[in-house]
Amino acid sequence: MEIYLVFVDAIQNSNKFWSAKVEDNNLIVEWGRVGYKSQTKTHSLRSNQEAVLKYRNLVAEKMMKGYRRSQSQIDSNCEVSEINRAIELLEIIRPCVEQRNFSVAYINALNQYLKIVPTPLGMQIEPYRVYRSVEDVDYQMGLLNSLLTTPAPQVAAVGVGHAPEAAEPKIVSLKTISKNFWRHL
């Protein structure tokens, strides 16, 4: 049992993560600023059931504070719908960067985008400098679009005349995105 949550608010300079994992009777919690050295605490409990209960309570508490599920790194697996949503958000961000119009719509799109693609932005987030130019937005959009063209693994039929099981949602790996994704930071 494991979860990774992020809380992003570019205006309030918040770009943090919180993760938790249950292993046997232990609950391991890790937290910090995205891209920086984290803090870790291990809760040793009497049983796995107690560890799971504490895990659920802490996750609920974080979600009530505004944390959102995400992936731990840019190189983890991500559902196609998340990549499509990130591209949609970049399409909102692009004209704002082009016109240097950093309105509430830009800030909201940026916050949502950073929840999908956790990004180390330094200790002081300057939302108006995250994207220096339209080329930066286009670069990231191109990388995300390239992931959507990655073929999904095919399920082989086990016996002659047997059709494969119903297809599960396609998962696309973000491992192909290099550190150059945020090339100007």
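The values are calculated or read from the model by the stated rules, or taken from the named source; none is laboratory data. The model shown is predicted, which means the values in this text are computed figures rather than measured ones. Methodologically, a virtual Cβ is constructed for each residue, glycine included, from the backbone with ideal geometry; neighbour enumeration extends over all protein chains shown. Ligands, DNA and RNA are stripped out before the accessible areas are found, and what is left, the full protein with its side chains, is counted by its heavy atoms. Shrake-Rupley method; radii C 1.70, N 1.55, O 1.52, S 1.80 Å.
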*asked:* If residue 69 satisfies all but one of (1) in contact (Cβ under 8 Å) with a residue 60 or more places away in the chain; (2) at positive phi; (3) charged (D, E, K, R), what's the number of the condition it fails?
replied: (2)
*What about residue 3, is it surrounded by fewer than 17 Cβ atoms within 10 Å (Cβ to Cβ) and either more than 11 Å from the chain's Cα centre (by Cα) or in contact (Cβ under 8 Å) with a residue 40 or more places away in the chain (or both)?*
no
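Among residues belonging to segment 92-110 that are in contact with a Pro (Cβ under 9 Å, 6 or more places away or on another chain) and surrounded by 20 or more Cβ atoms within 10 Å (Cβ to Cβ), point out the one that is farthest from residue 136 (Cα to Cα). Write out each step before concluding.
First, the residues of segment 92-110 that are in contact with a Pro (Cβ under 9 Å, 6 or more places away or on another chain): 101-102, 106-107, 110.
Now restrict to residues that are surrounded by 20 or more Cβ atoms within 10 Å (Cβ to Cβ): 106, 110.
Working: 106: 15, 110: 13 Å.
Among those that are in contact with a Pro (Cβ under 9 Å, 6 or more places away or on another chain) and surrounded by 20 or more Cβ atoms within 10 Å (Cβ to Cβ), it is 106.
What about residue 41, is it open to solvent by 80 Å² or more (accessible area, probe 1.4 Å), free of Cβ contacts under 8 Å to residues at least 24 places away in the same chain, closer than 26 Å to residue 122 by Cβ and more than 18 Å from the chain's Cα centre (by Cα)? If you could, list the steps in order and put the result at the bottom.
Numbers: open to solvent by 80 Å² or more (accessible area, probe 1.4 Å): yes; free of Cβ contacts under 8 Å to residues at least 24 places away in the same chain: yes; closer than 26 Å to residue 122 by Cβ: yes; more than 18 Å from the chain's Cα centre (by Cα): yes.
For residue 41, the condition - open to solvent by 80 Å² or more (accessible area, probe 1.4 Å), free of Cβ contacts under 8 Å to residues at least 24 places away in the same chain, closer than 26 Å to residue 122 by Cβ and more than 18 Å from the chain's Cα centre (by Cα) - is met.
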*Which number in (1) open to solvent by less than 50 Å² (accessible area, probe 1.4 Å); (2) of a type in the set (S, T, N, Q); (3) out of contact with any helix residue (DSSP H, G or I) (no Cβ under 9 Å at 6 or more places or on another chain) marks the one condition that residue 12 misses?*
(1)
*Sole exception among (1) open to solvent by 40 Å² or more (accessible area, probe 1.4 Å); (2) in a helix (DSSP H, G or I); (3) modelled with pLDDT of 95 or more for residue 85, by number*: (3)
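Say we look at segment 1-60 and pick out the residues that are part of a loop (DSSP other than H, G, I, E, B) and among the charged types (D, E, K, R); which of these is farthest from residue 105 (Cα to Cα)? Walk me through how you get there before you give the answer.
First, the residues of segment 1-60 that are part of a loop (DSSP other than H, G, I, E, B): 1, 10-13, 24-25, 34-38, 45-47.
Applying the additional criterion that residues be among the charged types (D, E, K, R) yields 24, 37, 46.
Values: 24: 44, 37: 31, 46: 48 Å.
Filtering segment 1-60 for residues that are part of a loop (DSSP other than H, G, I, E, B) and among the charged types (D, E, K, R), the one farthest from residue 105 (Cα to Cα) comes out as 46.
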_Out of 61, 50, I need the residue that is surrounded by 13 or more Cβ atoms within 10 Å (Cβ to Cβ) and among the acidic types (Asp, Glu). Which one?_
50
